[in-house]
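**Student:** Pasting a structure below so you can have a look.
The values are calculated or read from the model by the stated rules, or taken from the named source; none is laboratory data. Source: prediction; values computed, not measured. Cβ placement follows ideal geometry from the backbone for every residue including glycine, while neighbour counts extend to all protein chains displayed. Accessible surface areas use protein heavy atoms only, side chains included; no ligands, DNA or RNA. Shrake-Rupley method; radii C 1.70, N 1.55, O 1.52, S 1.80 Å.
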Amino acid sequence: MTLGLPGGDLSRDSVGRAIVHAGHVGAWVYLGAGGLASLASALSGVALSWAAVALTAAIAVLLVLVAVRRTVATTLTYLVVGGVATAGMTMVAMEPVYELGTTNNAIVAIPCVALVLVGGAGTGSVAAIAWTLAGLVVGQIAVWIGAQVVGAPFVVNLAAVGAAGLVIMIRTFDGLNRRVGVRGQTGLVRAGVRANAAVARRDHELEAITSLYDIAMGHLLAIAASGSGPIDERRRADIRQDLELVIGRDWVDAHGAGSSNPSDIHTPVAVGGADALPTLDHAFTTAAEEGLDVQMTGDLAVLGALGPERAADIDEAVAECLRNVARHANVREAELIIGNGGREVTVAVMDAGVGFDPERVPADRRGIRFGVRERLERHGGSARVWSAIGIGTTVVLTVPEGGA
């Protein structure tokens, strides 16, 4: 019954009113049947039955008042007057002419059940159960008083007790079901908030990564178009400004990026002659074996600033990164960006795969920690990883120029 209702309070009120209304309808049906039976008995010549008809009508009229204005005052009035009427009907029903024996009979049950189904003020299950028990107690006390007046044996009316038990069971089930529904609704709201936050965070990260990529590619293309020789100071200033904006001034200062000293950025010089220029043959071979398509930006000639040992280790490190992309990123393409500056050679390995949370990588996983980072750190280099679930992964490998 609560499906589609816009709020918990409205749901509670609606369900409560529906159950109370159903109880009132049941009471009216019960009173109507009893009134008709009493009327038939009165018309057949039993004068006492007229009193039963009048008492039944009085309870029915008061129930209408409770249904129209369900307040504490009207409910208490109904219980008091209904109790008096129940006592009167008990005295009538226990007259010898009816030969009913005990108060556990259908005639006495009529007003008792009507009192149990009062509903009462309030829509909560606890309040409804309290009014039900009050109606049961008032009815049984009234029956006991009526039985004592006429000297009839008193027995608790089982029909009234059964009606009270049914109402309590319905109200208890409704209360528990509503409580579970509220908890479930709260959980759905929290889940929705978390999902929206995750989507917003992912969009923000994707926008940041895209901006960083565009900035890097724009500067790399400008540097490539400028030819060999020192970088123009204006270009150098633009690069530094963008790096400070995207990454932060502290990082730029710590890495000497964009320094105004022209000697900080070198044109690569091959170690051992042009014939010995290092390559990334092992990395590209590994990518081909893994079925990975690699797009490269930059010039492999920058590797000529490295000694053979360092060049071989960065080749192995790049190969390991591409192997991880092929096996874990759930994509079939990756991108390499190669460059040098600040007396360092840098290779960035990027993918737009499933990504991961670096904080949750088990300590016993080798991967970048052993296969890449330790390989470069022995040359004074580093391997930095940026990744986010659903966004992708970027690994930036850096090693100083020179070496054996």
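**Student:** Only one residue in 107, 141 is of a type outside the set (S, T, N, Q), within 22 Å of residue 35 (Cβ to Cβ), open to solvent by 30 Å² or more (accessible area, probe 1.4 Å) and in contact (Cβ under 8 Å) with a residue 40 or more places away in the chain, so which one is that?
**Tutor:** The unique qualifying residue is 107.
A quick yes/no check of all residues on (1) closer than 28 Å to residue 173 by Cα; (2) β-branched (Val, Ile, Thr); (3) part of a loop (DSSP other than H, G, I, E, B):
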position	(1), (2), (3)
70	yes, no, yes
73	yes, no, no
80	no, yes, no
110	yes, yes, no
119	yes, no, yes
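**Student:** Here are some conditions: (1) modelled with pLDDT of 75 or more; (2) of a type in the set (Ser, Thr, Tyr); (3) surrounded by 15 or more Cβ atoms within 10 Å (Cβ to Cβ). Residue 11 meets all but one. Which one does it not meet?
**Tutor:** For residue 11, the exception is condition (1).
**Student:** Go through region 162-178 and give me each residue that's buried (at least 18 other Cβ atoms within 10 Å of the Cβ) and closer than 14 Å to residue 118 by Cα.
**Tutor:** Across region 162-178, the qualifying residues are 163, 164, 167, 171.
**Student:** Same structure, new question: Just to verify a result, which residue in region 35-78, among those that are under 45 Å from the mean Cα position of the chain (by Cα) and polar (S, T, N, Q), is surrounded by the most Cβ atoms within 10 Å (Cβ to Cβ)?
**Tutor:** Residue satisfying both the conditions and the ranking: 75.
**Student:** A follow-up question, please. Which of the numbered conditions does residue 355 fail, given that it passes all the others? Conditions: (1) within 22 Å of residue 380 (Cα to Cα); (2) at pLDDT below 90.
**Tutor:** Checking residue 355 against (1) within 22 Å of residue 380 (Cα to Cα); (2) at pLDDT below 90, the one that fails is (1).
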